[in-house]
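Here the structure comes first, spelled out in structure tokens, and everything after it is commentary.
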Amino acid sequence: MSSHTHQAAMDRAVKYLITNYNPKGQWIGWLMMASILVEAWDLYSIAFVLMFIRAIFHPSPALLGLAAAGTQGGAIIGALFGGWLADKLGRRVVFLSTMGMFVIFALAQAFVPSMEWLVVVRFILGIPLGSDISSGYTYIMESMPRGEREVMGNRWQFMFALGEVLTLAVIAVFIVINLPPDWIWRVTLGLGAVPAAIIFYLRHDLPETAVWLIRHGRFREAKQVAASMYGDRLDMLPDEDVEIPRPRPTAFLADIRKDPIRWRATLFGWIACFAQSAEFSTFAFYIPVLFVMVGVSGILGTNLVTLALYIIAAISGWVGPLITPRIGHRGLSIAGCGIVLAALLVAAAALYTNHVWILPFAAAAMLWGHYWDAENVVTIPAMVAKPEYRGTATGFAYMFVKLPAFLSIFLFPVLFTAIGQANATLFTAIFPLIGLLAAIFILPEVYGFEHD
């Protein structure tokens, strides 16, 4: 077989896999999405226990922000290198190793003796968190048919909200039973290792994706996986393996620009990743702290109000994927960004006029919109990328989530102190405006994109 014939056979096999139903696809998709719950528990449990950490260690605003943002900083490295490793070594190797690392370092942060050590451990913990998104999304995009795969990918915000709801519920129980503050934050952070260990066990027997094996010339293994997953041995492929040239890690940037649809969709993904991350990290992440500072309620009351808010967010995160087939990715992004923009303007006005009773309602609207405008920001770049560099492209896009998250969470306490809550909230409204303009003028409709 010539190289041209091999390429044609590979293309036919991949097209077959992404257009035909995989009986195990839904299970695989939810198993990959389950790791988002683990990430949400860790990334945002710190937001709900910051008040206890501050009372015990009395850190400076900068050190407190750095402790909160530590995993985000590590996730930047994890997203970039994890995506590259998922392309080079395979999706399975990465998604198993990330869960193993998470179990170890989630437990370690529960035993740190100081704020400085908490910062270090949380930074290391962020590396597997960033890596898991890169490998998990590539697995979903290569294990489910078009149409279904982006609906599943968009469910990541539902899993985030679910993780936040579970975290808040656990913290509320700890407060009610009068658990000492030092125990509350340590147990809360350490508990993230439990779901991670369960996911590691459930993922252990998953094979490598047939798409990755095909694109790496490992046809014999690909046939075995396809027979197991699809009941089809991909007879269009030869029975012997072949050597396939490996693209450079940065080749996806040049390749994406050759296709206007891929390029515009990917560019939107980068912008929207940045915008939604910044809007959430600068406002929603600090909702518990903000409520206490402006006197909305006490610590337990704030916890319960925030729990109610994230139940609303979870509903939004569930509804968004369901309506995506009807309104498309573009419609979902426009609606989400518009709602967030309006909600933040109302929240800023409430703070300026000292009508703090409005804040919970504005926060609820903001979270509803955010869980729509954030749902497809990683899905789109992962979906339109070619399998040869899908992990790298996904990790590169996710970097635009984690970089502003790190900077915002680290710097926002300082910004609060410098310009006040009202001005800081009004400043945050810039980000959904950027996302709205990108959705209107850059994003093409790519729902059902099939060109792998």
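The values are calculated or read from the model by the stated rules, or taken from the named source; none is laboratory data. Computed from a prediction, not measured in an experiment: that's the story for all the values here. As a convention, Cβ positions derive from the backbone with ideal geometry for all residues, glycine included, and neighbour counts pool all protein chains shown. Remember, those area values only see protein heavy atoms, side chains included, never the ligands or the DNA or RNA. Shrake-Rupley method; radii C 1.70, N 1.55, O 1.52, S 1.80 Å.
The set of residues in region 104-136 being under 27 Å from V377 (Cα atoms) and among the aromatic types (F, W, Y) consists of F123 alone. Filter region 173-184 for residues that are closer than 27 Å to S316 by Cβ and open to solvent by less than 10 Å² (accessible area, probe 1.4 Å) and give the result. Matches in region 173-184: none. Could you say whether any residue in region 360-383 is at pLDDT below 90, open to solvent by less than 10 Å² (accessible area, probe 1.4 Å) and farther than 22 Å from Q421 by Cα? There is no residue in region 360-383 that is at pLDDT below 90, open to solvent by less than 10 Å² (accessible area, probe 1.4 Å) and farther than 22 Å from Q421 by Cα. Entry remark, region 73-120: residues being small (G, A, S) and outside any helix (DSSP H, G or I) number 2 in total. Looking at region 1-23 only, could you name the residues that are open to solvent by 30 Å² or more (accessible area, probe 1.4 Å), modelled with pLDDT of 85 or more and either assigned to a loop (DSSP other than H, G, I, E, B) or hydrophobic (A, V, I, L, M, F, W, C) (or both)? Result: A8, single match. Based on what the data block shows, is R233 within 26 Å of P23 (Cβ to Cβ), part of a loop (DSSP other than H, G, I, E, B) and not small (G, A, S)? When the stated conditions are applied, R233 passes them. Among the candidates K402, K386, the residue that is closer than 29 Å to R54 by Cβ, of a type in the set (D, E, K, R) and modelled with pLDDT under 95 is uniquely K402. Flag: L166 does not match the condition of being hydrophobic (A, V, I, L, M, F, W, C) and part of a loop (DSSP other than H, G, I, E, B). When you scan region 63-73, do you find a residue that is among the small types (G, A, S), within 20 Å of V170 (Cβ to Cβ), open to solvent by 10 Å² or more (accessible area, probe 1.4 Å) and modelled with pLDDT under 90, even just one? Taking every residue of region 63-73 in turn, none turns out to be among the small types (G, A, S), within 20 Å of V170 (Cβ to Cβ), open to solvent by 10 Å² or more (accessible area, probe 1.4 Å) and modelled with pLDDT under 90. Within region 398-452, the only residue that satisfies the criterion of being of a type in the set (D, E, K, R) and assigned to a helix (DSSP H, G or I) is K402. The numbered conditions (1) in contact (Cβ under 8 Å) with a residue 12 or more places away in the chain; (2) more than 14 Å from the chain's Cα centre (by Cα); (3) closer than 30 Å to E148 by Cβ are all true for F441 except (1).
How many residues are open to solvent by less than 20 Å² (accessible area, probe 1.4 Å) and either among the aromatic types (F, W, Y) or farther than 22 Å from G391 by Cβ (or both) if we restrict to region 208-233? Qualifying residue count, region 208-233: 3.
Based on this model, can you work out whether W27 counts as modelled with pLDDT of 80 or more, open to solvent by 30 Å² or more (accessible area, probe 1.4 Å) and in a helix (DSSP H, G or I)? Considered against the rule, which asks whether it is modelled with pLDDT of 80 or more, open to solvent by 30 Å² or more (accessible area, probe 1.4 Å) and in a helix (DSSP H, G or I), W27 comes out as yes.
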